[in-house]
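The values are calculated or read from the model by the stated rules, or taken from the named source; none is laboratory data. For clarity, every value in this text was computed on a predicted model and none was experimentally measured. Note that we place each Cβ from the backbone using ideal geometry, even for glycine, and neighbour counts take in every protein chain shown. Protein only, heavy atoms only, side chains kept; ligands, DNA and RNA dropped before computing areas. Shrake-Rupley method; radii C 1.70, N 1.55, O 1.52, S 1.80 Å.
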Number of protein chains: 2
Amino acid sequence: MTNRTYHLVIVGYGGMGSYHAKLLEDNQNIDVIGTFDILEERREASLADGYKAYESLSAVLSDSAVDFVLISTPNDVHKEIAVAALNAKKHVICEKPVTIYSEELLEIMEAAKRNDRAFIVHQNRRWDEDFLTIKKVYDEKLIGDVFHMESRVQGANGIPGDWRHLKVYGGGMLLDWGVHLLDQLLYMVDSKIASVYANLSYILGDEVDDGFQVFIMFENGVTSLVEVGTTNFIQMPRWYVKGTKGTAVINDWDINGKMVIQNLAEAVEAPKPIKAGQGLTKTMAPPSEKAVRSTDLPKVEQAMESFYDNVISVVEGKAEPIIKNEEVLRVLRLMETIFISAETNEIIKDFDYVNSESNIK
Amino acid sequence: MTNRTYHLVIVGYGGMGSYHAKLLEDNQNIDVIGTFDILEERREASLADGYKAYESLSAVLSDSAVDFVLISTPNDVHKEIAVAALNAKKHVICEKPVTIYSEELLEIMEAAKRNDRAFIVHQNRRWDEDFLTIKKVYDEKLIGDVFHMESRVQGANGIPGDWRHLKVYGGGMLLDWGVHLLDQLLYMVDSKIASVYANLSYILGDEVDDGFQVFIMFENGVTSLVEVGTTNFIQMPRWYVKGTKGTAVINDWDINGKMVIQNLAEAVEAPKPIKAGQGLTKTMAPPSEKAVRSTDLPKVEQAMESFYDNVISVVEGKAEPIIKNEEVLRVLRLMETIFISAETNEIIKDFDYVNSESNIK
């Protein structure tokens, strides 16, 4: 890695801002040299944590010691801060969702290009072990060709009681958690999207969605169900994935789960009918013992650079960004499409085509 | 009950035919007096089981001793047999799916009316304990107002290797298992359907569907996901139901499951953030211990008459059919709509309206 130490200022010192400060405590290449927040209490928290509290955003941007601005404010002001920071020749790291509207991201991308500075979105859940485990199952065909994936995150605590339950700040679960699950799915499945159908939930009576289910069909034949819920008092598995030779499941964040795979080599006995409600069923009976085997999920090694190592490599011209802005843009547009699908209760089939032209620019 | 004993002949002495024979062994009101099957081996099986083997369908229909004809043939000949039996002044019990096309059922219903005979479809899974348990949760608001239901039946044995994997006989999982799950759902949720979206699976390469997912929204706001799979090596819960005050789950045919319900009376502590992949989350953390309570599923008493008791009550004019032909017709039309939705990959919103007029006749 580099010998240089880069200086970073955190803009927005709330939950995520202080999370990044802790994350960077042991980083060899990046020093957090200060924060800026519009709230007095957050400035005090910053000082208490040992970080200089800048008086204004312009004070941050005019400080030539600052190499990086990290944006962890509510979503509605990401663009304004990002463009100003890029124009001030700072590199920018931005929390997700990058912006509420894709047009804003295009503006940021143009500003980054114009100023020759890096703009990288913190889609940290590409490094999640549960995701990387499923990606390995998918890539290495450990259950055959995957043809259906269900990715769920379910809680019972409702929407967090801060700006995330207000529309103007870009609240709601699609933008908060959906952005991760959709980013993971699109990063994994290398195919254009054939159709999108979504149902957003407003059961808590908030003005933003408290969860959603979205069905995405890909042109390569993979179908998927992505779900976020905040009114789920019992949790379904984090991942449920079907392949031509087996099924994989990850139950929770601790990566409890398994794969059950067809034993094609063994002579397959017919399954024995079971009593199911008022009838017998052979179709839904468990396969005979020899017909399947249950195995552990694969172990993943973190072969990718860490998020912050990659940020430094990108800035120094040594690597491509792991999180490409074009990918972030596609996810943002997918979320816009999901909102439209849910509002109209219609299937949207031209997603990757209406957007492909402006993707190029 | 009645003092009379009714005589019943089973037409189609395969898996379901012999299942009915066993089911009726102890019935006080109905005697199985014979069977008819086009296959010699099934006639021999009938004789071995102690039932007279009629030589032809017309021999059954011209036998004045026969009160009931039970149809358990492949689906494509249900209508022909049913209409002939009704015209011969027999009462008819018919296996599900009643017919492949709704027009055929209308013909049967007209024949039943014209001949003043009962025609009753064996939608036996309305008596399934798992279903009645969820229906009780729904009707009695045991988890508050139910707003989302998921009903799944998943196996790993593919489509049974008989006529059920051929299109001409009305094979496929939508017609085989879907008819039950949809019948249960529509029997439970007293509302018009607002929209239908379906994806059929053909992953096994059969000419009929080996499973499906269908998303149904009701006008009363209830959303539902109904799924049948035959390529699921790991099974998801049979029922997953969300209400405004809790969640209910039934894992399997043995009715293992639970309800988790909000403790509104208790002071609710904020949930503690948990580590989830590369981040912390309070939203998806388990609720604090006092915020919820886990309880057993309710016990159901079989308050309804049994299927065959109801059949006798209907014939004797003492009760309405539990399984009304108009309900069966609606489910059949829903399946037709599901086929169209899946073929076109479109949402269908006018289901209960285009069909309402002909429902009346």
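See the values below:
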| quantity | calculated |
| --- | --- |
| Using θ = phi - 60° and Karplus 6.51 cos²θ - 1.76 cosθ + 1.60, couplings along the stretch A:231-246 (whole Hz; Gly, Pro as x) | 10, 10, 7, 10, 9, 7, x, 4, 9, 9, 10, 10, x, 5, 10, x |
| Under 5 Å, built H, 5+ apart or other chain: amide partners of A:TYR202 | A:ASP210 |
| For A:GLY221, label point 7 Å along C-beta direction: distances to other copies, nm | 4.2 |
| Fraction of the pair-distance distribution of the stretch A:87-138 above 15 Å, Cα-Cα pairs, percent | 57 percent |
| The stretch A:1-119 - percent of accessible surface contributed by carbon and sulfur, probe 1.4 Å | 48 percent |
| Global size of the stretch A:43-104 as Cα Rg and Dmax, reported in angstrom | 12.3, 38 |
| Shortest-first distances to equivalent copies, position B:PRO273, nm, label 7 Å out along Cβ | 5.7 |
| Heavy-atom surface of the protein assembly as shown, accessible at 1.4 Å and reported per residue (Å²) | 41 Å² |
| B/A buried area, accessible surface, summed, 1.4 Å probe, Å² | 5600 Å² |
| Distance between the stretch B:221-237 and the stretch A:270-346 - C-alpha centres, whole angstrom | 17 Å |
| Derived scalar couplings ³J(HN,Hα) [the stretch A:155-160; Karplus, 6.51 cos²θ - 1.76 cosθ + 1.60; whole Hz; x for Gly, Pro] | x, 10, 9, x, 7, x |
| Angle between chain A longest axis and helix A:78-87 axis [Cα atoms, degrees, rounded to 10] | 50 degrees |
| Shortest-first nm distances, B:ARG4 label point to equivalent points in other copies (7 Å, Cα→Cβ) | 9.8 |
| Residue-averaged [θ]222 nm for the protein assembly as shown, counting only DSSP H segments that reach four residues, each worth -39500 (n - 2.57) | -8500 deg cm²/dmol |
| Label-point separation, B:ASP116 to A:LYS89 (7 Å along Cα→Cβ), nm | 10.0 nm |
| Overall Cα dimensions of the stretch B:126-295 - principal axes, largest extent first, Å | 61, 41, 31 |
| Dipole magnitude of the stretch A:72-180, debye to nearest 20 (Cβ charges: Lys/Arg +1, Asp/Glu -1, about Cα centre) | 260 debye |
| Equivalent ellipsoid semi-axes, chain B, via Cα gyration tensor eigenvalues times 5, rooted, Å | 41, 22, 20 |
| Under-5 Å amide H pairs with A:HIS122, H placed in peptide plane, nonlocal only | A:CYS94, A:GLU95, A:LYS96 |
| Tail weight of P(r) past 18 Å, computed on alpha-carbon pairs of the stretch A:231-361, percent | 76 percent |
| Stokes-Einstein diffusion coefficient of the stretch B:204-275, Kirkwood radius over Cα pairs, 25 °C, 0.890 mPa s, in µm²/s | 156 µm²/s |
| Cα Rg, Dmax (largest Cα-Cα span) when computed across the protein assembly as shown, Å | 30.0, 103 |
| Residue among B:THR99, B:THR344, B:THR283 with the largest mean-square fluctuation in a Gaussian network model of chain B, springs linking Cα atoms under 10 Å | B:THR283 |
| Assigned charges on the beta-carbon of Lys, Arg, Asp, Glu; the stretch B:126-295 dipole about Cα centre (debye) | 760 debye |
| The stretch A:293-345: trypsin sites (Lys or Arg not before Pro) falling in loop per DSSP and having at most 10 other Cβ within 10 Å | A:LYS299 |
| Unit charges at the beta carbon, dipole of chain A: most positive-side option, A:GLY15, A:GLY144, A:LEU225 | A:GLY144 |
| Nearest 10 degrees, 0 to 90: helix B:15-24 Cα axis against chain B principal axis | 80 degrees |
| Percent accessible area from carbon and sulfur atoms, the stretch B:126-295, protein chains only, probe 1.4 Å | 49 percent |
| The stretch A:55-96 and the stretch A:1-31: distance between their alpha carbon centers, rounded to Å | 14 Å |
| 0 to 90° range, to nearest 10: angle between helix A:102-115 axis and chain A longest Cα axis | 50 degrees |
| Kirkwood Rh and Cα Rg combined as Rg/Rh, the stretch A:1-137 | 0.98 |
| Low-density loop positions, GluC sites (Glu not before Pro), the stretch A:80-188 - DSSP coil, at most 14 other Cβ in 10 Å | A:GLU140 |
| Spacing of the two label points (7 Å from each Cα toward its C-beta) at A:GLU80 and A:ASN3, in nm | 4.3 nm |
| Amide H partners (placed H, <5 Å) of B:SER195, local residues excluded | B:MET217 |
| Sparsely packed GluC sites (Glu not before Pro) within the stretch A:1-77, loop by DSSP, other Cβ within 10 Å at most 14 | A:GLU25, A:GLU55 |
| Unit charges on C-beta of K, R, D, E only; dipole of the protein assembly as shown, Debye | 560 debye |
